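Heads up: the structure comes next, in structure tokens.
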Amino acid sequence: MFTGIVEERGEVLAVDDLGDSVRLSVRGPLVTSDARPGDSIAVNGCCLTVVAHRDGMFTADVMRESLRRTSLSAAVPGTAVNLERAVRASGRMGGHLVQGHVDGTGTVGSRDRSAHWDVVRIEVPPDLARYVAPQGSVAVDGVSLTVVDVVDGEHPAFTVSLIPTTLAATTLGDAEAGTTVNLEVDVVAKYVERLLTHAAGDEEAR
């Protein structure tokens, strides 16, 4: 479990094709400072398991399903990534509950820059749009953000405001129009939908 509060910007050092998976080597001095094999680290919002670590870098395997669902499929040496260690039970929940299970990808449609913050519009797949609500929570590349506005219709989208800290500390500060980003919607919304769907089915069966 994560909070969506990015601890550091890391860098992909190597991408090794293993056939049915890819092994990533990622530089992250902070997140590896107390890491052990088997620990979870979110890389651009995708929960990965540490295979090994040394000298401020770690390696992790990414299954084909994860590559299909996330922007990690496009990772190459030099790619900047957001990193966060799994939250401790005694830690503060600074963002929101983030599982590290990416639901799909979106695309940065536009960004309006100002002196103190940027407003970014993110185009979202229709099958995920129903889970996004104004003032609700969403994780974008592993960053916990509050939704400002939602655009429904044929091309659904939502907007978020990025404060200077987010712009400086995460890869979203460099995400221009056309950038693919990982999205994880609020898990509570998904469970509520499933419960209501099953409840409706039970009513029809009576």
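The values are calculated or read from the model by the stated rules, or taken from the named source; none is laboratory data. Quick caveat, the model's predicted, so the values are computed rather than measured. A quick note on method: Cβ atoms are made from the backbone with ideal geometry, for glycine too, and the neighbour counts reach across all protein chains shown.
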Being touching a Ser or Thr at 6+ places or on another chain (Cβ under 7 Å) and among the hydrophobic types (A, V, I, L, M, F, W, C) is the filter here, so list the residues in segment 75-107 that pass it.
Ala80, Val81, Ala86, Val87, Met93, Val98, Val102
Gly142 surrounded by 14 or more Cβ atoms within 10 Å (Cβ to Cβ) and on the phi > 0 side of the Ramachandran plot
yes
Single residue of Ser71, Ser21, Ser90 found to be modelled with pLDDT under 95 and within 27 Å of Asp186 (Cβ to Cβ):
Ser90
Just give me the residues in segment 133-172 being among the aliphatic types (A, V, I, L, M) and more than 20 Å from Ser71 (Cα to Cα), in sequence order.
Ala133, Val147, Val148, Val150, Val151, Leu162, Ile163, Ala168
Which one of Gly38, Gly4 is part of a loop (DSSP other than H, G, I, E, B) and in contact with an Asp or Glu (Cβ under 9 Å, 6 or more places away or on another chain)?
Gly4
Note on segment 41-51: residues in a strand (DSSP E or B) and of a type in the set (S, T, N, Q) are Thr49
For residues in segment 59-72 being in a helix (DSSP H, G or I) and in contact with a strand residue (DSSP E or B) (Cβ under 8 Å, 6 or more places away or on another chain), which is farthest from Val108 (Cα to Cα)?
Arg64
In contact (Cβ under 8 Å) with a residue 24 or more places away in the chain, closer than 27 Å to Val138 by Cβ and surrounded by 15 or more Cβ atoms within 10 Å (Cβ to Cβ): which single residue out of Val87, Val50, Val76 fits that description?
Val87
Leu30: surrounded by fewer than 19 Cβ atoms within 10 Å (Cβ to Cβ), outside any strand (DSSP E or B) and modelled with pLDDT under 95, yes or no?
no
Can we say Val124 is more than 18 Å from the chain's Cα centre (by Cα) and over 26 Å from Leu30 (Cβ atoms)?
no
Any residue at all in segment 104-121 that's buried (at least 22 other Cβ atoms within 10 Å of the Cβ), touching a residue at least 12 places away in the same chain (Cβ under 8 Å), assigned to a loop (DSSP other than H, G, I, E, B) and over 11 Å from the mean Cα position of the chain (by Cα)?
no
Filter segment 53-68 for residues that are in contact (Cβ under 8 Å) with a residue 40 or more places away in the chain and out of contact with any Lys or Arg (no Cβ under 9 Å at 6 or more places or on another chain); which is surrounded by the most Cβ atoms within 10 Å (Cβ to Cβ)?
Leu67
